[in-house]
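For reference, the structure discussed in these notes is given below.
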Amino acid sequence: MQVIHTIAELRQALAGQATAFVPTMGNLHEGHLSLVHQARAAAGAGPVVASIFVNRLQFAPHEDFDRYPRTLARDAELLAGAGCDYVFAPDEAELYPEPQGYKLAPPTELADILEGHFRPGFFTGVCTVVAKLFNIVQPRWAVFGKKDYQQLMVIRRMVAQMALPVEILAGETSRNAGGLALSSRNGYLSEAELAEALQLSATLKGMIARWSAGERDLAALESLAMERLSARGWAPDYLVLRRQRDLGAPAEGEALVALGAARLGNTRLIDNIEV
């Protein structure tokens, strides 16, 4: 496996090949590696590329850009073992040699709800860096995890509307033995917080159970979930039940997804469960 730091070198290495791509911000865990395995299966004998880049554009000034772990040496070892061929690890000067004045902003009806409401500008930062990485890597396939459910939907729609020649593959959420969704930010949690973190998915499951039992007052159902998680010391941003196809209000007979984001101590966690 080769670690590459420049756009020119990566383009030369990949020229003319059917490539599978996994974009990451590093500090990898088994969830990321499962996406690499999926990329490996898609690419066959072709190359698999994983990028490692902490993208400043998707962090608000008060968020954890500076303390986000940078663990390139460890990440490269893990990626080599997972079947990755190239790690693209540019620095900021390589990917953004001048201030990124051109940005790709997704439509407000999808980008300004849920994550976008609590993290203004987040999806513009995501779309801008992903579009730029797609232009650099020129992948035939790109793999994104379902844990970032809204992000996956934004990227899929961006690819469709911009007619980008890449197939987006979705990777299932990886969880630990207790059911906690794997996340790079889990490393911020204390031992006690790791045990308590399971309550986020438990709360989402409770919302699904009440809907399945016939409750249809959505506002009351979501409010109760917020109250119960808050009572345990969490600071929830949202706990909602939405339809899978567009994150709109749920309706009878449609595939649904429960989504939540909440802060436990100083760490913000997200999760979702499809129905």
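The values are calculated or read from the model by the stated rules, or taken from the named source; none is laboratory data. Treat the numbers as computed from the prediction; the structure is a model and nothing was measured. Cβ atoms come from the backbone with ideal geometry, glycine included; neighbour counts cover every protein chain shown. These area figures cover heavy atoms from the full protein model, side chains too; ligands, DNA and RNA do not enter into them. Shrake-Rupley method; radii C 1.70, N 1.55, O 1.52, S 1.80 Å.
For the range 1-147, what is the charge dipole size about the Cα centre, in debye to the nearest 20, if Lys and Arg each add +1 at the Cβ and Asp and Glu each add -1 at the Cβ?
Numbers: 12 positive and 15 negative charges, 68 e Å.
Using Cβ point charges on Lys, Arg, Asp and Glu, the range 1-147 gives about 320 debye.
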Return the aspartates and glutamates within reach of Lys132: Cα separation strictly under 15 angstrom, same-chain partners fewer than 8 residues apart disregarded; answer none if there are no such residues. Asp91, Glu92, Glu94, Glu98
In the range 233-275, if the dipole is taken from +1 on Lys/Arg beta carbons and -1 on Asp/Glu beta carbons about the Cα centre, which of Gly265, Gly248, Tyr238 is farthest to the positive end? Gly265
Can you list the residues, at least 5 places off or on another chain, whose amide H is less than 5 Å from the amide H of Glu167, using H built in the peptide plane? Trp141, Ala142
The range 38-94 accessible area per residue, 1.4 Å probe, protein heavy atoms, integer Å², reads 46 Å²
Scan the range 76-121 for chymotrypsin sites (Phe, Trp or Tyr not before Pro) in coil per DSSP, keeping those whose Cβ has at most 12 other Cβ atoms within 10 Å, and list them by number. Tyr102
P(r) for the range 32-110, please, calculated from all Cα pair distances in 10 Å bins and given in %. 15, 35, 33, 16, 0
Row for the range 1-58, column shape: gyration tensor on C-alpha, a ≥ b ≥ c, rounded if a/c < 1.5 i.e. under 1.5, prolate if a/b over b/c, else oblate; value oblate
I'd like the accessible area for His62, computed on protein heavy atoms only with a 1.4 Å probe and all protein chains in place. Round to 10 Å², please. 140 Å²
Whose amide H sits under 5 Å from the amide H of Gly26, counting only residues 5 or more places off or on another chain, with H placed in the peptide plane? Phe53
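Compute the normalised compactness of the range 1-144: alpha-carbon radius of gyration over 2.2 N^0.38 Å, N being the residue count. Walk me through the intermediate numbers first.
Details: Rg = 15.2 Å, N = 144, 2.2 N^0.38 = 14.5 Å.
Cα-based Rg divided by the globular estimate yields 1.05.
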Please report, in cubic angstrom per residue, the volume enclosed by the convex hull of the alpha-carbon atoms of the range 168-275. 111 Å³
For the chain, what proportion of DSSP beta bridges, expressed in % and rounded to the nearest 5, is antiparallel? 50 percent
Around Gln150 (Cβ within 14 Å, Cβ-to-Cβ, excluding Gln150; K/R +1, D/E -1) the net charge comes to 0
Probe 1.4 Å, all chains present, heavy atoms only: Asp217 accessible area in Å², nearest 10, is 90 Å²
What accessible surface, in Å², does a 1.4 Å probe find on Leu72, ignoring ligands, DNA and RNA and rounding to the nearest 10? 70 Å²
Please identify the longest segment of the chain free of exposed GluC sites (Glu not before Pro), where exposed means a DSSP state other than H, G, I, E or B and no more than 15 other Cβ atoms within 10 Å. 64-171
One quarter of the C-alpha convex hull surface, i.e. the mean projected area of the range 88-150 in nm², amounts to 5.3 nm²
Rg/Rg_globular for the chain, with Rg_globular taken as 2.2 N^0.38 Å and Rg from C-alpha atoms: 1.02
Once whole DSSP H runs in the chain are found, which of them have Cα atoms spread over 30 Å or more along the helix axis and a mean Kyte-Doolittle score of at least 1.0? none
